[in-house]
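Taken together, the values in this text are just the output of simple stated rules run on the coordinates, not laboratory data. As the structure is a computational prediction, the values presented were derived from the model and not from experiment. Reconstructed Cβ throughout: ideal geometry from the backbone, glycine too, with neighbour counts over all protein chains shown.
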Amino acid sequence: MSPGPRFRPRRPLGSTGFVATRLGAGDLADRAIPFETCVATLRRALDAGLNVVDTAPSYEDGYSEEIVGAAVRDRRAQVFVTTKIDHFDRAVAPQLSASLGRLGLDRVDLAVFHSVSTLDAWRAISSARGPFAELEAERAAGRARFVGISSHHPDVLDLAIRAGACDVVLFPIGPYVDERYELEILPLARSRNVGTIAFKTFGAGKLLSDTLGYQRPLADAAPGSQTQRALPHLVPAECVHYTLTRDPDVALLGLSDPAEQDQAFRAAEAFEAPLAAAELARIRSQAAEAVRGKGPIWWNPSGS
């Protein structure tokens, strides 16, 4: 008899009514890895009970959406699938159609505009006849159940949430993010019953290893950069416990191989109570040291 899932749905994702698990699976696509292996890796996370999966057309040029579609095909009703609209200057319907084709689905649970990270971008997509109105039309047509944005700017998120435009918002939460995400945006979203899906728990890998982000070694940095430094890396449990203490509805993790999955799962299972303020401050201080010299922090408005 096989063991039951390690994770179970915890609470509704905002006003969507979908009861989500604390962890979700982010992008794990890698064209250097066979398609069947990528699908099996994601299915392993789903077998563990995770029920939120995030993807986008720009993740490995559609490869991620193809993987997600294959992985959820026989368990569609149990999984909340999110994809994105990458291009704000193109019609929304063809972009969503292409995503649905790669996913092999008739609709997604959540369609969000990807990285709406300047006030000008938000104003453009939210204008009376702008792209957000097109996305709302796709919702009305039944091709997306819910809509929202992902963003790397607290001011944008503040405007979007207050406008009542979003069912769910995606934004950074972790040991090295602008504190406004945690202290202002999370409480605002909760007060408006807007779902929150967090990313950057590991700071694009910068908190755990010496990288410019997403497996780009520091050797790729500009000439003159320091690449051989003993840095005070964090461990996955510190990052996971930090994010879970801040308590977004869902924390997206990459979970790109079984070893990484098990490490993240153990960290989440070991989380028993919110960290004390002193421990949160310690982790943030160590994170600030860990990211030093590792290139731009693009998920913060200042870039650092």
Note to self: With a cut-off of 8 Å between alpha carbons and a minimum separation of six or more residues, what is the relative contact order of the range 18-290 in percent?
What the structure shows: 17
Margin query: Assuming 0.36 nm per residue, please report the length gained on full extension of the stretch residue 260 to residue 247 beyond their Cα-Cα distance.
Written below: 2.5 nm
Item checked: Base-10 log of normalised Debye intensity for the chain (one unit scatterer per alpha-carbon) at q = 0.09 Å⁻¹ -> -0.42
Next item on the list: For residue 209 and residue 278, compute 0.36 nm times the residue count separating them, minus their Cα-Cα distance, and round to one decimal in nm.
Entry: 22.4 nm
Note to self: Based on the alpha carbons, how large is the Rg to Rh ratio for the range 37-177 when Rh follows Kirkwood?
What the structure shows: 0.97
Checklist line | Sequence ranges 40-52, 152-164, ranked by mean other-Cβ count within 10 angstrom, highest first | finding: 40-52, 152-164
Check: Hey, which aspartates and glutamates would be in cross-link range of residue 84, C-alpha to C-alpha under 17 Å, not counting anything within fewer than 8 residues on its own chain?
Finding: 27, 54, 60, 61, 65, 66, 106, 109, 134, 136, 138, 167
